[in-house]
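Participant: Sending over a structure as structure tokens; questions will come in a sec.
The values are calculated or read from the model by the stated rules, or taken from the named source; none is laboratory data. The model shown is predicted, which means the values in this text are computed figures rather than measured ones. Cβ coordinates were reconstructed from backbone atoms using ideal geometry, including for glycine residues, and neighbour counts include every protein chain displayed. The area values use the complete protein model at the heavy-atom level, side chains included, leaving out ligands, DNA and RNA. Shrake-Rupley method; radii C 1.70, N 1.55, O 1.52, S 1.80 Å.
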Amino acid sequence: MNQVHEKSGAFEYLTTRKDELVGWARKFSIFPYPFVTACCAMEFMSVSSTMYDTDRFGAALPRFSPRQSDLLMVVGTITHKQAPILKKVYEQMCEPKWVMAFGVCATSGGFYRNYAALQGIDKIIPVDVYIPGCPPRPESVIDGIMQLQDKIANASHPIINEKF
Amino acid sequence: MDQGLLERLRERLDGDGREPVFAHGLLAVQLPREALLDTVKLLKEEFGFDMFLDVTAVDWPQREPRFDVVHHFYSTRDHVRVRLKMAVTEADAVVDSLVDHYGSAHFMERECHDMYGIVFRGNADLRPILLYEGFEGHPLRKDYPKEREQPLVRYRE
Ligand code: SF4
């Protein structure tokens, strides 16, 4: 009954850098806004449902208000007529925010080269990750999400300052 | 499909500058544009073509007159279709509107106006429907440059 309590060390304390901690927390709480305009939507549905399950990456809960979301997933063809709406949605999102171009249409206009199609959403808004494919396979979408997570985790987070 | 009905219709439509022929299993009628309203009235009231399927145009840049305006009608009772075709020139690309006979003509004529610049006399609202305000030209005309874009949002540098 005289046993000395020994510390095992497991999870009693943890050392990390504050910005790594914030990055780690942020990369698993992506709230996507699906800006879905065309056939890529089918692939978006499959990647977010059971088989591929983007919930594993913390990117499960689509928010249909730009105010509540931080990842703009542009899924499908953007026409010139649609472009002002996309731009407005992007501008309404709060920082920090990221943009994913899902499929070749959003990336570069895809095979549409005519009066109607915008030749890539990066002509009007900055893009963080491009996913090629028409439509992309779910695996490439997951790869894109993981690359975005790396980018988020390694970014500097402006909320870290001398007061935080 | 009621071939007898189409045959009767073909006989009824013959004359007045109209040339009805059978093409790809449906009755195609070439007609002068002045005969459009009378023909449509006859189709609708005597032969029961109660559905206006579409109006579009065909651009023949080398030909004079340059455009064909094409209407399609369908009879939900007899399940047959008929096509009307009118040649119009570029300088006077005007045909009569069907809004008094078919409500759906409002939107379909606006689309045809967007894409080919055909004017429908009698349709008071020919604002762009698929295109947007400020769009210059008519993109499905053959002389519209394939790669000409008219963006609404200024591009990033
Ligand atoms: S990339 Fe292909 S699948 Fe996706 S919206 Fe464009 S055409 Fe459709």
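Participant: Is it possible to state the helix-based mean residue ellipticity at 222 nm for chain B, with each DSSP H run of 4+ residues giving -39500 (n - 2.57), the sum divided by total residues, to the nearest 500 deg cm²/dmol? What is it?
Facilitator: It lands at -7000 deg cm²/dmol.
Participant: For peptide A:21-30, compute the average count of partner chain beta-carbon atoms within 10 Å of each residue's beta-carbon.
Facilitator: For this peptide, the per-residue mean of nearby foreign Cβ atoms is 0.
Participant: In segment A:30-153, what percent of the accessible surface is made up of carbon and sulfur (1.4 Å probe, ligands and nucleic acids excluded)?
Facilitator: 57 percent
Participant: Counting only pairs 8 or more residues apart or on different chains, how many lysine pairs in chain A have their Cα atoms under 18 Å apart?
Facilitator: Taking the Cα cut-off of 18 Å, the pair count is 12.
Participant: Pick from B:PRO128, B:PRO145, B:PRO65 the residue whose mean-square fluctuation is largest in a GNM of chain B, springs joining Cα atoms under 10 Å.
Facilitator: Per the Cα network of chain B with a 10 Å cutoff, B:PRO145 tops the list.
Participant: Moving on to the next point. Just to confirm the number: angle between the C-alpha axis of helix B:36-47 and the first principal axis of chain B, 0 to 90 degrees, nearest 10?
Facilitator: 50 degrees
Participant: Another question, if that's okay. How large, in percent, is the carbon and sulfur part of the accessible surface of segment B:3-121 at a probe radius of 1.4 Å?
Facilitator: C and S fraction of accessible area: 50 percent.
Participant: Suppose all protein chains stay in the model; what accessible area per residue would a 1.4 Å probe give for the protein assembly as shown, in Å²?
Facilitator: Averaged over the residues of the protein assembly as shown, the accessible area is 56 Å².
Participant: Could I ask something else about it? Rounded to the nearest 100 Å², what is the sum over both chains of accessible area buried where B meets A, with a probe of 1.4 Å?
Facilitator: Buried area between the two chains comes out at roughly 1400 Å².
Participant: Select from segment A:64-109 all residues whose loss of accessible area on going from the chain by itself to the full protein assembly reaches 30 Å² or more (probe 1.4 Å).
Facilitator: A:HIS80, A:LYS81, A:PRO84
Participant: Here's a follow-up. Measure of size requested: the Rg and Dmax of segment A:30-153, with Cα atoms as the atom set and Å as the unit; please supply both.
Facilitator: My reading of the Cα-based Rg and Dmax gives 13.2, 40 Å.
Participant: List the aspartates and glutamates whose Cα lies under 18 Å from the Cα of B:LYS146, skipping any in the same chain that are fewer than 8 positions away.
Facilitator: Excluding near neighbours in sequence, the set is B:ASP59, B:ASP114, B:GLU136.
Participant: Further question on the same structure: Just to be sure I understand the curve: with the Debye formula and one point per C-alpha of the protein assembly as shown, what is log10 I(q)/I(0) at q = 0.08, 0.09, 0.15 Å⁻¹?
Facilitator: The computed values of log10 I(q)/I(0) come out as -0.58, -0.68, -1.11.
Participant: Please find the FRET efficiency linking A:ARG113 to A:LYS18, where r is the Cβ-Cβ separation and R0 is fixed at 45 Å, and quote it to the nearest 0.05.
Facilitator: The formula returns an efficiency of 0.40 here.
Participant: Provide the FRET efficiency to the nearest 0.05 for the B:LEU26-B:ARG148 pair, computing r from the beta carbons and using R0 = 45 Å.
Facilitator: After rounding, the FRET efficiency stands at 0.80.
Participant: Describe numerically, in nm with one decimal, the distance between label points set 7 Å from Cα along Cα→Cβ at B:GLN3 and at B:MET51.
Facilitator: Going from the B:GLN3 label point to the B:MET51 one covers 2.3 nm.
Participant: Name the long-range amide H neighbours of A:SER69: under 5 Å, sequence gap of 5 or more, or other chain; modelled H, no Pro or chain starts.
Facilitator: Under 5 Å from the amide H of A:SER69 lie the amide H atoms of A:CYS94, each far enough along the sequence or on another chain.
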